[in-house]
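What follows draws every value from the coordinates through simple rules; no lab data is involved. A quick note: this is a predicted structure, and the numbers were derived from the prediction, not measured. Here Cβ is always computed from backbone atoms with ideal geometry, including for glycine, and neighbour counts include all displayed protein chains.
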Amino acid sequence: MAGSSPAMTSTMKAMPPVFRFAPSPNGLLHLGHAYSALLNFDRARESGGRLLLRIEDIDATRCRPDYETAIYEDLGWLGIAWETPVRRQSEHLSDYRAALERLSSLDLVYPAFESRAEIARLVAAREADGPWPRDPDGAPLYPGDAKSLPANERIRLIAAGAPYALRLDMAAASSRVGSLSWRDLGEGPEGERGAVRARPEAWGDVILARKETPTSYHLSVVVDDALQGVSEIVRGQDLFHATSVHRLLQVLLGLPEPAYRHHALIRDGEGRKLSKSSRSTGLRELRSAGATPASVRQLLGLG
């Protein structure tokens with residue numbers, strides 16, 4: 001940092017790394033969650049860093065207090081310790097609203113009024129002329145033309161109470177920041193590591209918020225990580241490609257760039273990613289069957 005004094009530079013270098021585990025309380029934890037949580041915990045201990053726990057409870061229809069309680073119990077059983085207080089996203093909606101307003105002030109956000117069913121019909125109509133592009137998760141890119149709606153029509157629809165999603169104008173946002181990359185200390189699903197080129201355009205005009213919810217995963221995760229000072233993000237390869245969107249939002253919002261360490265996913269016997277309905281790999285079921293924290297570590301290859 002230009003102009004920093006030796007004392008300031010020394011203090012900055014001494015700052016311990018900050019890690020986080022951020023589950024959603026919409027189901028019980030399974031072996032995949034345990035793997036990611038233990039990796040974060042171990043990295044924090046090995047580096048003399050800090051481990052934070054964040055509860056991503058934005059989805060009020062699926063998140064439940066009993067699942068949140070179960071998260072604390074399961075992580076405690078594994079021997080994982082974290083700093084308190086725990087950040088719960090539902091208590092910080094104003095932070096996400098402020099970030100959204102910042103993006104809106106840059107003229108990078110617009111409301112789209114199509115329902116999911118209407119979007120599906122639009123995609124089907126587009127595909128009559130050939131395959132419609134899909135994002136890295138396999139979902140079709142937004143096919144609508146809400147970006148071209150006149151301002152007075154947007155105002156009329158919102159005033160009439162029409163449901164809407166606030167989308168990022170990806171073309172304008174990407175043009176504003178230019179080329180992007182991130183440093184990956186782990187490995188992507190295709191073996192990517194080191195300096196990775198970000199490709200946010202592959203996601204199209206992503207949703208940043210909805211009428212009833214002032215944020216989305218993409219927006220809240222970058223805001224939370226910045227506000228909590230997270231310096232190394234250890235998470236599964238299923239979020240590797242989403243990092244492109246996160247890097248774009250970080251630059252647009254003037255947020256610091258953390259290091260990333262994506263890890264392989266724990267899969268079932270048929271090679272599928274675990275879900276919260278995978279009762280055979282749920283931590284509660286394993287514990288009831290006599291598993292111990294040490295045997296879970298051994299099962300996960302963590303010693």
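Brief remarks on what is shown
- Angle between the chain longest axis and helix 217-227 axis [Cα atoms, degrees, rounded to 10]: 60 degrees
- For the stretch 149-201: relative contact order, % (alpha-carbon pairs under 8 angstrom, 6 or more apart): 29 percent
- Theoretical ellipticity at 222 nm over the chain - DSSP helices of four or more residues, -39500 (n - 2.57) apiece, nearest 500: -11000 deg cm²/dmol
- Computed from backbone phi, the HN-Hα couplings of the stretch 133-147 come to x, 10, 7, x, 8, x, 7, x, 5, 4, x, x, 10, 4, 4 Hz, rounded to whole numbers (Karplus: 6.51 cos²θ - 1.76 cosθ + 1.60, θ = phi - 60°; Gly and Pro given as x).
- Couplings for the stretch 54-66, taken from phi via the Karplus curve 6.51 cos²θ - 1.76 cosθ + 1.60 with θ = phi - 60°, read 10, 9, 8, 10, 5, 6, 5, 7, 10, 7, 9, x, 5 Hz in order; Gly and Pro are left as x.
- Averaged over residues, the count of other Cβ atoms within 10 Å places the peptides 23-33, 144-154 in the sequence 23-33, 144-154, highest first.
- For the chain, fraction of C-alpha pairs farther apart than 32 Å, in %: 33 percent
- Estimated vicinal HN-Hα couplings, Hz - the stretch 204-214 in sequence order (Karplus 6.51, -1.76, 1.60; Gly, Pro = x): x, 7, 5, 7, 9, 6, 10, 3, 8, 9, x
- Going from the fewest other Cβ atoms within 10 Å to the most, the residues Tyr142, Tyr72 appear in the order Tyr72, Tyr142.
- Pairwise FRET efficiency - Arg88 versus Gln298, Cβ, R0 = 41 Å, nearest 0.05: 0.80
- Relative contact order [Cα under 8 Å, 6+ residues apart], the stretch 92-266, whole percent: 26 percent
- Exposure proxy for Arg156, Arg235: other Cβ atoms within 10 Å of each Cβ, ordered fewest to most, give Arg156, Arg235.
- Dividing the Cα radius of gyration of the stretch 92-266 by its Kirkwood radius returns 0.98 for Rg/Rh.
- For the chain, relative contact order (Cα pairs under 8 Å, six or more residues apart, normalised by length) works out to 22 percent.
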